Every structure is written in structure tokens, then in C-alpha cells.
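Taking it in order: structure first as C-alpha cells, then the write-up.
The values are calculated or read from the model by the stated rules, or taken from the named source; none is laboratory data. This structure is a prediction, so every number in the text was calculated from the model and none was measured. Cβ coordinates were reconstructed from backbone atoms using ideal geometry, including for glycine residues, and neighbour counts include every protein chain displayed.
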Amino acid sequence: MLSNRTRVLLATAVAPATWGTTYLVTTELLPPGRPLLAGVLRALPAGLLLLAIVRVLPRGSWWWRAAVLGTLNIGAFFALLFVAAYRLPGGVAAIAGALQPLLVAALATVVLRERLRLRTVGAGVAGVVGVALVVLTASARLDAIGVAAALAGAGSMAVGIVLAKRWTPPASPLVTTSWQLIAGGLVLTPVALLVEGPPSEVDAPAIGGYVYLSLVGTALAYVLWFRGLAALPAATTSFLSLLSPVVAVLAGWAVLGQGLSLFQLLGVAVVLAAVLVATRPTDRPADRAEAPDLTRPVRYGTAPVDGTP
């Protein structure tokens, strides 16, 4: 029988696995050249849907904390990815993103007092190497602005992950995820309108793609992600993000018939080994996962709020 910690890890891993299908959905279903629109339509409807379900608004300091977390984890992250995607090959951007677990581990040591283990550093380096083998091509070129944007995007989400762990949420992951998605979508909307202009007419496949990205790739994925972050050490959770480029490559192979080289298969093995090493449980009680209830009554201080109007 699987332990509670293993169940939490597997559920959390669903999030980066669904993010790995974003490239396939974007290239096959969505209109070209509108990544910021895709980001808005992923975040804002998903956040509003979750808010309609939970019917709980932030209170006190959580108005600005939700705005900060939504900007770091959603709004700024999506915008920086957009810049990196347009100025860099996908492989280079993915390698920059693979640095995120190392950044989270370093920040968690300072902010959360999580212990920085040698195996975590080794797994982080191995993860970067593995992702490079999976996605990098010999023709990859570098662009200073693109590299800076990719690194800033990884840093933005790394800081967002650590702060989300540092600021004890006053509500369930379902509630706080809705706040972050709405805040991130609102931050991203004016940027999308300024850069890409108003939305153009979309066809049925595009609508289906946006619905999938919003419901599965965002609402479900981020609820599972923040649920795992609440139960697991920040560094452990961040290593699961390495699964995203692996799933992207495997989806291209399975659906689009794209070839897989021996180096890519080796990279997949290295990434999976890095994730297994980094997420291996320890004997410390603080590392034992206890999954939070997604729908528990919310309490701010001493006043209960059960989510009803």
C-alpha cells in the first residue's frame, strides 16, 4: 500500500505532467503568435471558476500577498516565458527552467530553514544535465535578452514557491489557488492587450485547447501543485517540475511521431533518477507529507468562514 507521502508526491507530479502537454496543445490547436492570450485564458477563467466554487475572498494582508504570489507564479512567470520562447530555442529555455529546483533549494535554506543536502544539489545538477540531453539541439543559439528572461522566469516562480510555503495560507489550497490565478490573470491581461492586441476570432479546436489548458493544465494542475507544496518541503516539490520537459518530448513522440534519440532517452533516465533521488523521504518528521484538505472550512484568526455567501 502506498504511503500518504507517496500519494501526495504522485498527485503533485500530475501538475508538471499536464504542463508538459502545453506545447503539444499550443502547436496543434491554438492560433499562432498569441502566447500571452493563452496565458490569460488559462489563468483568469480557471481562477474565477475556482472562486465560484469556494466563494471565499482574501482578508487583511492576504489581498496583497495573493497579488504578489499570483504575479510571481502566474503573471510575471507567463510573460517572461513568452519573451524567452520568442528569443530562444525551446531547449535553451527549458534548461534555464531546469535551474528552478536549485534556486528553490537555495532560497528555502535561507527563508524556510530547510536543510540543503548534498544529494539535493547533486540531483539538481543532474536534472539540468538530463533536461539538456532531452531538449537541447546542436543548432541552439543564445540571445542575451532571451536568456535573461528565461532565468528571470525560473527565479520568479522559485521565489513564488518559497513565499507560498513561507506565508502560512489562511485557507485551503483550493481557495488560495483561485486567488493566485485571478491575480496573475489580471496582471497578465493588460500586457497581452498591449503586446498582442485584442483577441481575434478563434475556431472550435482553439476553444477546445483553451478549455483544456484552463481546466486541466491550470485549475486542476495548480490546485494539485499548491496542495503538494503545503504538504512537502519546497525543494522536494520543485524537483517535480523537471518532469514537464520530459512529458513534452514524450508527448511529441507518442502523438506527433517525433523521433527520440539515444541521448534523449538517456536524458529522460537521468531526469527521472534526479527526481527520485531528490524526492526520496528522510527520517526527519518535518519531511513527512500530510496532505491538506482541499475543501476544509477556512479560518482567519478566530473567525470561521465556511465559504457560504
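The helices (runs of 4 or more DSSP H) falling completely within region 1-94 that include 3 or more residues that are touching a Gly at 6+ places or on another chain (Cβ under 7 Å) map to 4-19, 22-29, 35-54, 76-87.
Taking the criterion of being under 18 Å from Val246 (Cα atoms) and not in a helix (DSSP H, G or I), the residues of region 127-139 that qualify are Leu136, Thr137. When each of Arg280, Arg288, Arg227 is tested for being in contact with a helix residue (DSSP H, G or I) (Cβ under 9 Å, 6 or more places away or on another chain), among the basic types (Lys, Arg), at pLDDT 85 or above and under 19 Å from Thr109 (Cα atoms), the lone residue that passes is Arg280. Scanning region 45-54 for residues that are out of contact with any Ser or Thr (no Cβ under 7 Å at 6 or more places or on another chain) and in contact (Cβ under 8 Å) with a residue 12 or more places away in the chain turns up Leu48, Leu49, Ile53. If you go through region 191-207 and keep only what is touching a residue at least 12 places away in the same chain (Cβ under 8 Å) and of a type in the set (A, V, I, L, M, F, W, C), you end up with Val191, Ala192, Val195, Val202, Ala206.
In a residue-by-residue description of region 109-122, the property of being in contact with a Leu (Cβ under 6 Å, 6 or more places away or on another chain), under 30 Å from Arg59 (Cα atoms) and without any contact (Cβ under 8 Å) to a residue 12 or more places away in the chain applies to at least one position. Scanning region 192-218 for residues that are hydroxyl-bearing (Ser, Thr, Tyr) and either under 11 Å from Leu41 (Cα atoms) or in contact with an Asp or Glu (Cβ under 6 Å, 6 or more places away or on another chain) (or both) turns up Tyr210, Tyr212, Ser214, Thr218. Of everything in region 104-126, what is within 25 Å of Val246 (Cα to Cα) and of a type in the set (S, T, N, Q)? Give them in sequence order. If the condition is that a residue be within 25 Å of Val246 (Cα to Cα) and of a type in the set (S, T, N, Q), then Thr120 is the only one that fits. Quick one: how many residues across region 107-126 are surrounded by fewer than 18 Cβ atoms within 10 Å (Cβ to Cβ) and assigned to a helix (DSSP H, G or I)? Result for region 107-126: 8.
All of Val246, Val275 fail the test of being of a type in the set (A, V, I, L, M), farther than 18 Å from Ala108 by Cα, surrounded by 21 or more Cβ atoms within 10 Å (Cβ to Cβ) and at pLDDT 90 or above, apart from Val246. Identify all residues within region 170-201 that are part of a helix (DSSP H, G or I), polar (S, T, N, Q) and surrounded by fewer than 20 Cβ atoms within 10 Å (Cβ to Cβ); write none if there are none. Within region 170-201, Thr189 is the sole residue that qualifies.
Among the residues examined, Val83 does not qualify as of a type in the set (A, V, I, L, M) and over 21 Å from Val159 (Cβ atoms). Listed by first and then second residue, the pairs linking a residue in region 56-79 that is touching a residue at least 24 places away in the same chain (Cβ under 8 Å) to a residue that is acidic (Asp, Glu) and part of a loop (DSSP other than H, G, I, E, B), with Cβ atoms under 9 Å apart and 6 or more places separating them unless they lie on different chains, are Val56/Asp306. Just one of (1) within 27 Å of Leu276 (Cβ to Cβ); (2) loosely packed, with under 15 Cβ neighbours inside 10 Å; (3) modelled with pLDDT of 90 or more fails for Thr137. It is (3).
Any residue in region 38-58 that is of a type in the set (Lys, Arg) and within 17 Å of the chain's Cα centre (by Cα)? The answer is yes; a qualifying residue exists.
Filtering region 156-169 for residues that are crowded, with 20+ Cβ neighbours inside 10 Å and part of a loop (DSSP other than H, G, I, E, B) leaves a non-empty set.
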